[in-house]
1. For the range 104-197, rounded, prolate or oblate, judged on the Cα gyration tensor with a ≥ b ≥ c (square roots of eigenvalues), a/c < 1.5 rounded, else prolate if a/b > b/c?
2. Can you grab the distance from the C-alpha centre of the range 284-311 to the C-alpha centre of the range 6-31, Å, no decimals?
3. Mind giving me the nanometre distance, one decimal, between the label points for residue 32 and residue 353, set 7 Å out from Cα along Cα→Cβ?
4. Percent of accessible area on the chain owned by carbon and sulfur, 1.4 Å probe?
5. In the set (i) 1.19; (ii) 1.03; (iii) 0.93, which value of Cα Rg over 2.2 N^0.38 Å was calculated from the structure you see?
6. Hey, quick one: spin label on residue 194, modelled 7 Å out along Cα-Cβ, who in the range 208-238 has an amide N within reach, i.e. under 19 Å?
7. Solvent-accessible area per residue for the chain at a 1.4 Å probe radius, Å²?
8. Name the most mobile residue of 136, 23, 163, meaning the one with the largest mean-square fluctuation, in a Gaussian network model of the chain with Cα contacts below 10 Å.
Amino acid sequence: MDTDSATLGVEQEFLVVDASGYPAHRGTELVAAGEDEQAEGDLQPELVRCQVETTTSICHDAEQVSGQLADLRQRVDEQARARGLRLVPSGTPVLADADDWPPISGGERYREIADWFGAVARTSNTCGAHVHVAIPDRATGVEVSNRVRPWLPILLALTANSPFYQGADTSYHSWRYVLWSHWPTAGPPPLFASLDHYESSLDALMRVGAVLDRRGVYWDIRLSEHQPTLEFRVCDVTQTPGEAATIAALVRAAVATAIDDAGAAYQLALPLPQEVLRANLWRAAREGLAGECLHPVTGDLAPMWTIVGDFVDWVRPALKDAGDDEFVAGQLAWLRDAGDGATRQRAAFAQHQRLTDVVDRLAGRS
């Protein structure tokens, strides 16, 4: 697949907090404030009012993704600070919300989701990052999902950035992923025999009420219902634009590789059963980059960084074709030294044993 035609888009969700670091239910206010700005990218409300989502325009390489994400965050952060608020790139709230159930954002669809799913929706104040990659057609997207799904744990480990939740250390690197698993369609996508199998499964989920509409399927990889893209939803929001751009480049390279070398892709990664893949993802959420999981090729327990290296080897020709190889190599080297986001959050806490220090670090005040 020509990586020039495989365009990219990235969505990132952020927590909105007050000056003390506690969740502030003013996300829709920030969205309204940014509506008249003429710039690349977009700002949207999320399910709960203590969140906002930034969305890039169509991008062509990792540098462009990184630049747009940095500009978007700066724009929204300026709007937030003018109102005594801050943006926090963490998968879960570090400090406890005064409300057990944060208010739902306006809009009929969000109200319907909250009414039907109850506490699952009302406690979904988690922040992820979603990567869209253009695909030739939906049938190809299903085939790519089948081939790439065994590698999902490394994408989660690379972005694990939610160790604290509501004032406590969860002992996980990505507590967001654990919380998000409460939704009936969350988690890794099944293996699909065909596009018809995918569509019939989605129809059955709608009939049983596990989703209210086609956009409500929350698999870690899914076909977009409003764009000609394959959407990867497994990641926590990252602390830096460079991390998010790295994931976008790796995802785009994996899609291109799976399309171009289908036979080798099937041979390279085992067609993991759903229960084994879910266990691998749990292990990635538990330990992040410092941990282990079952290697998707050998089936043996292996360090996460070993699996990351093998994944990069698999997609390296596509990275080079896109011109993203040096960017990705530099970012991965930095991650090896700095650790994943959860490790950095815990390091900020360890200095003085104050969770407010974690929020300050995330919001860029230290």
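The values are calculated or read from the model by the stated rules, or taken from the named source; none is laboratory data. Everything quoted here is computed from the prediction, not taken from an experiment. Every residue, glycine among them, receives a Cβ derived from its backbone with ideal geometry; neighbour counts consider all protein chains shown. What goes into the accessible areas is simple: the full protein's heavy atoms, side chains included, and nothing from ligands, DNA or RNA. Shrake-Rupley method; radii C 1.70, N 1.55, O 1.52, S 1.80 Å.
1. Cα axes put the range 104-197 in the oblate bin.
2. The range 284-311 and the range 6-31 have Cα centres spaced 31 Å from each other.
3. 4.4
4. Answer for the chain is 51 percent, counting heavy atoms of protein chains only.
5. Calculated Cα Rg over 2.2 N^0.38 Å: the matching label is (iii).
6. It comes to 223, nothing else.
7. Numbers: 14340 Å² over 366 residues.
It amounts to 39 Å² per residue over the chain.
8. So, out of 136, 23, 163, the one fluctuating most is 136.
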